[in-house]
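Participant: Handing you a structure now.
The values are calculated or read from the model by the stated rules, or taken from the named source; none is laboratory data. Keep in mind it's a predicted model, so treat the numbers as computed, not measured. Using ideal geometry, Cβ is built from the backbone for each residue, glycine included, and neighbour counts are taken over all protein chains shown.
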């Protein structure tokens, strides 16, 4: 077969490439992961007893905003990382914006408190439960995102894993806010971001092994 004939045959089945498919899939997976994580978390840990009265207070809204914004930026970076030629690291760096905002708010709270209260403000009553729970519950959307990544073409799998880990931890932050009774800004600015760092590290370790071409 001549080259021109081969090109003609291939062209007969040419279809437009759906470049938005992975973007839509990332959004659907993230939404499903958030709902599933929230349902499982509430069933296992329960909704905080006073949630109806506090869900619109600044500290609780801060948890939702922190988790949602971090997840949003990280998931944009994640879906970009699944297609060669798309810049993803810049979008991932944007997660530093909400983190810097919550840190600044927490520092202002600490600065206005007596030094004897600093440890209590940071540790709260359940720092270990928060750190472990957010990290563990992040594994639900994290696993789903990595499964989705196998349908893409990530040329930097470590970056994809980091973005998936951070995004999953952001979603878990939103879900855990339904249960978490801690409303101190220093607490929120310490343990939620630390869980995100742990999830990012896990993604950096696991993704290169699972996303090999």
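Participant: Taking the condition at pLDDT 95 or above, buried (at least 19 other Cβ atoms within 10 Å of the Cβ) and either assigned to a helix (DSSP H, G or I) or more than 13 Å from the chain's Cα centre (by Cα) (or both), does residue 128 pass?
Facilitator: Criteria not met by residue 128.
Participant: Related question: Please enumerate the residues belonging to the range 35-72 that are in a helix (DSSP H, G or I) and either farther than 23 Å from residue 132 by Cα or without any contact (Cβ under 8 Å) to a residue 40 or more places away in the chain (or both).
Facilitator: Within the range 35-72, 35, 39, 43, 44, 52, 53, 54, 58, 61, 65 meet the criteria.
Participant: Scan the range 79-104 residue by residue and report those that are surrounded by 13 or more Cβ atoms within 10 Å (Cβ to Cβ), assigned to a helix (DSSP H, G or I) and modelled with pLDDT of 95 or more.
Facilitator: Result: 98, 99, 101, 102, 103.
Participant: Condition check: within 18 Å of residue 179 (Cβ to Cβ), touching a helix residue (DSSP H, G or I) at 6+ places or on another chain (Cβ under 6 Å), surrounded by 12 or more Cβ atoms within 10 Å (Cβ to Cβ) and at pLDDT 95 or above. Does residue 71 satisfy that?
Facilitator: yes
Participant: Restricting to the range 131-143, and then to whatever is crowded, with 19+ Cβ neighbours inside 10 Å and in a helix (DSSP H, G or I), can you tell me which residue is farthest from the chain's Cα centre (by Cα)?
Facilitator: If we take residues in the range 131-143 being crowded, with 19+ Cβ neighbours inside 10 Å and in a helix (DSSP H, G or I), then 133 is farthest from the chain's Cα centre (by Cα).
Participant: Now, a different point. Answer yes or no as to whether residue 18 is modelled with pLDDT under 90, closer than 19 Å to residue 154 by Cα and not in a helix (DSSP H, G or I). Steps first, answer last, please.
Facilitator: On the way: modelled with pLDDT under 90: yes; closer than 19 Å to residue 154 by Cα: yes; not in a helix (DSSP H, G or I): yes.
Judged against the criteria, residue 18 is a match.
Participant: Are any residues in the range 113-135 without any contact (Cβ under 8 Å) to a residue 24 or more places away in the chain and more than 12 Å from residue 182 (Cβ to Cβ), and if so, which ones?
Facilitator: Answer for the range 113-135, where residues must be without any contact (Cβ under 8 Å) to a residue 24 or more places away in the chain and more than 12 Å from residue 182 (Cβ to Cβ): 113, 114, 115, 116, 117, 119, 132.
Participant: Let me ask something else about it. Which members of the range 184-213 meet the condition of being more than 15 Å from the chain's Cα centre (by Cα) and over 19 Å from residue 82 (Cα atoms)?
Facilitator: Result: 184, 185, 186, 187, 188, 189, 190.
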